[in-house]
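Have a look at the structure below before the remarks.
The values are calculated or read from the model by the stated rules, or taken from the named source; none is laboratory data. Since the structure is predicted, the reported quantities are computational estimates derived from the model, not experimental observations. All Cβ positions, glycine included, derive from the backbone under ideal geometry; neighbour counts span all protein chains shown. Side chains included, ligands, DNA and RNA excluded: accessible areas come from the protein's heavy atoms. Shrake-Rupley method; radii C 1.70, N 1.55, O 1.52, S 1.80 Å.
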Amino acid sequence: MTFRISIGPRIRKSPYFDATVAAGVTDMTIYNHMYMPTGFGDFEAEYRRLTETVALWDVAAERQVQITGPDAARLVQMLAPRDISKMKVGQGRYALLSDATGKLINDPVLLKLAEDRFWFSIADSDMEYWVGGVATALGLDVEVTEPDVSPLAIQGPNAPLVVADLFGDWIRDLRYFAFRETELDGIPLILARSGWSKQAGFEIYLMDGTRGTELWDRVMSAGLPHGIGPGSPNVVERTEGDLLSWGTDTRPDANVFELGLGDFVNLDMAPDFIGKDALKRIRAEGPKRRRVGLFIDPPVLAPAEHNWTVRGPDGDPAGTVSIAVPSIRLERNIAIALINVAQAGIGNRLVVETPEGPRDAEVTGLPFIQPG
Ligand code: THG
C-alpha cells in the first residue's frame with residue numbers, strides 16, 4: 001500500500017521547500033508541524049557526501065522558541081538543567097529540557113542573542129506552549145514567540161571550505177555552538193558552528209522566510225567546487241555517532257539519566273530548575289534502564305525505527321530498540337536501545353524481535369564511531 005499526506009496549511013512548508021523539490025527530494029517527514037526532507041533518492045550518495053565532502057540540509061523544522069524581556073534569563077534558567085549564568089552573548093549550549101519528573105521533553109540547542117533574548121532551537125515537541133506555560137505560572141515578565149527563523153545546515157568535512165568562501169576566514173575561529181549575526185547578499189542571517197552530525201559543520205539561521213530559495217541556491221553554487229549536494233539529517237551517520245533523536249530514541253517515559261545525558265545537567269549548582277529534585281533522586285537511586293549500542297547479527301537489516309522489543313536469552317523482556325541500521329563504515333548492523341540495567345552490560349547477549357523474526361544481538365558501548 002502507498003498513500004500520500006494531504007498538503008494543507010496545518011502542515012507548514014519550509015522556506016526551502018521549493019528549492020528541495022527542485023533538487024529532487026523523494027522523502028519527507030513532518031517535524032514541528034513542518035515538512036522536512038529525509039531523502040533525495042540515493043541514500044548511499046547522500047551518506048558519502050556527508051562523511052567525505054559536504055551536504056546541504058533543509059532543517060527549517062528545527063524551529064526557534066524565542067524568549068525576550070526583563071525575566072528572560074530567569075525563565076531560561078528555570079527551564080534548563082545547566083548553569084546558564086556564565087553564558088555570553090554569541091554562545092550556544094546543548095540544553096536539555098526536563099519536566100518535573102525528570103523526563104526528557106525536548107533537547108534543544110540554546111542560543112544567547114542578548115542579555116534579555118534567547119532562542120531554544122527545538123526538537124520535535126511543542127515547546128512554545130511549555131515555555132509560555134511556565135512563564136505564565138511563574139508570573140514572569142517575558143514574551144514567548146516563534147520568530148521567522150529557519151536553519152539551513154552545511155555538514156561534512158568540506159563544510160568549512162564552503163562557509164569560508166561565503167563569509168570569510170573569520171568563520172574558522174567560531175567555537176562549537178558559537179554564532180555571529182551577519183548577512184549574505186543582504187539576506188539577514190546568523191551563522192553558527194553546529195549541526196546534527198559528527199562531521200564538521202555550520203548552520204545558517206535564515207531570518208527572512210521569503211528568501212529561502214535565494215539562500216539555498218547561493219550556498220549550492222559556492223559549494224559546487226567542494227562537492228556539495230542535497231542531503232538531510234542522516235539516520236546511519238547519527239546512529240554511528242550516537243546523536244540522540246528526541247521522539248525516536250526517548251520513549252514517552254525516559255528520563256535524562258537513562259538516556260545517558262547526565263553530563264549535560266548540573267544538579268549541584270545553586271539555581272533551581274524544573275526537574276531538579278526528581279533528577280537528584282534518580283541519580284541517587286541509579287537509573288533503571290541504560291541507552292546502549294547493539295550489534296545485531298547478519299543478514300543486513302533495512303533501516304527501521306519502530307521500537308522493536310528486546311529480550312534476554314530466556315525470553316524475559318530486556319528493553320526496546322529505537323533505531324537499527326546497517327552501518328556503512330562498520331559494515332554490520334548496529335542499533336541503539338534502551339535496556340534494563342541488569343541486562344545492559346557490554347558483551348551481554350540479547351535477542352531482538354525484528355519483523356523478519358528474532359535476531360541475536362550483543363550489547364556494546366556508544367558511540368559506534370568516534371569523531372575525527
Ligand atoms: N541544530 C539546531 N537545532 C536543533 C538541532 C540541531 N534542534 C533539534 C535537535 N537538533 C536538537 N538536538 C541536538 C542533539 C545533539 C546535538 C545538537 C542538537 C549535538 N550534540 C553533540 C554531541 O552529542 O556530540 C555536542 C554536545 C555537546 O558536547 O555539547 O550537537 O542540530 N539548530
When you scan segment 289-325, how many residues do you find that are exposed (fewer than 14 other Cβ atoms within 10 Å of the Cβ) and more than 28 Å from Tyr47 (Cα to Cα)? 5
Residue selected from segment 217-252 under the condition more than 15 Å from the ligand (Cβ to nearest atom) and assigned to a loop (DSSP other than H, G, I, E, B), by the criterion nearest to Pro37 (Cα to Cα): Gly227
Checking Asp272 against (1) within 17 Å of the chain's Cα centre (by Cα); (2) farther than 15 Å from Ile339 by Cα; (3) among the acidic types (Asp, Glu), which test does it fail? (1)
Condition first: buried (at least 23 other Cβ atoms within 10 Å of the Cβ) and either assigned to a loop (DSSP other than H, G, I, E, B) or more than 14 Å from the ligand (Cβ to nearest atom) (or both). Now tell me which residues in segment 108-129 satisfy that. Pro108, Ile122, Ala123
Every residue in segment 95-107 that is farther than 16 Å from Ala73 by Cα and within 14 Å of the ligand (Cβ to nearest atom), please. Leu104, Ile105, Asn106, Asp107
Of the residues Pro299, Pro303, Pro287, which single one is modelled with pLDDT under 95 and either within 16 Å of the ligand (Cβ to nearest atom) or more than 27 Å from Pro355 (Cβ to Cβ) (or both)? Pro287
Using the structure shown, decide if Thr68 is under 23 Å from Pro160 (Cα atoms) and crowded, with 16+ Cβ neighbours inside 10 Å. no
Filter result for Pro151 (surrounded by 15 or more Cβ atoms within 10 Å (Cβ to Cβ), out of contact with any Pro (no Cβ under 6 Å at 6 or more places or on another chain) and part of a strand (DSSP E or B)): yes
Checking the condition open to solvent by less than 30 Å² (accessible area, probe 1.4 Å), β-branched (Val, Ile, Thr) and either more than 15 Å from Arg289 (Cα to Cα) or modelled with pLDDT of 95 or more (or both), which residue from Ile328, Ile336 passes? Ile336
So for segment 255-276 (the condition being within 16 Å of the ligand (Cβ to nearest atom), touching a residue at least 40 places away in the same chain (Cβ under 8 Å), of a type in the set (Lys, Arg) and open to solvent by less than 60 Å² (accessible area, probe 1.4 Å)), does at least one residue qualify? no
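Matching residues to (1) closer than 13 Å to Ile336 by Cα; (2) over 23 Å from the mean Cα position of the chain (by Cα):
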| residue | (1), (2) |
| --- | --- |
| Arg238 | yes, no |
| Ser245 | yes, no |
| Phe257 | no, no |
| Asp277 | no, yes |
| Ile282 | no, yes |
Can you spot a residue in segment 59-79 that is touching a residue at least 60 places away in the same chain (Cβ under 8 Å), assigned to a strand (DSSP E or B) and among the small types (Gly, Ala, Ser)? no
Has segment 300-318 got at least one residue that is under 17 Å from Arg238 (Cα atoms) and assigned to a strand (DSSP E or B)? yes
If you scan segment 44-58, which residues turn out to be part of a strand (DSSP E or B) and of a type in the set (D, E, K, R)? Asp58
Does Asp169 meet the test of being acidic (Asp, Glu) and at negative phi? yes
Tell me which of these Ser194 doesn't satisfy, since it passes every other one: (1) in a loop (DSSP other than H, G, I, E, B); (2) over 23 Å from Met127 (Cα atoms). (2)
Identify, from the list Ser85, Ser150, Ser98, the residue that is closer than 22 Å to His33 by Cβ and of a type in the set (Gly, Ala, Ser). Ser150
Among the listed residues Gly133, Gly102, Gly90, identify the single one that is on the phi > 0 side of the Ramachandran plot, surrounded by fewer than 22 Cβ atoms within 10 Å (Cβ to Cβ) and not basic (Lys, Arg). Gly90
Pick out the one residue from Glu183, Glu214 that is without any contact (Cβ under 8 Å) to a residue 60 or more places away in the chain, more than 10 Å from the ligand (Cβ to nearest atom) and either part of a helix (DSSP H, G or I) or closer than 16 Å to Trp57 by Cβ (or both). Glu214
Inside segment 339-357, can you point out the residues that are exposed (fewer than 15 other Cβ atoms within 10 Å of the Cβ) and on the phi < 0 side of the Ramachandran plot? Val341, Ala342, Gly345, Ile346, Arg349, Glu353, Pro355, Glu356
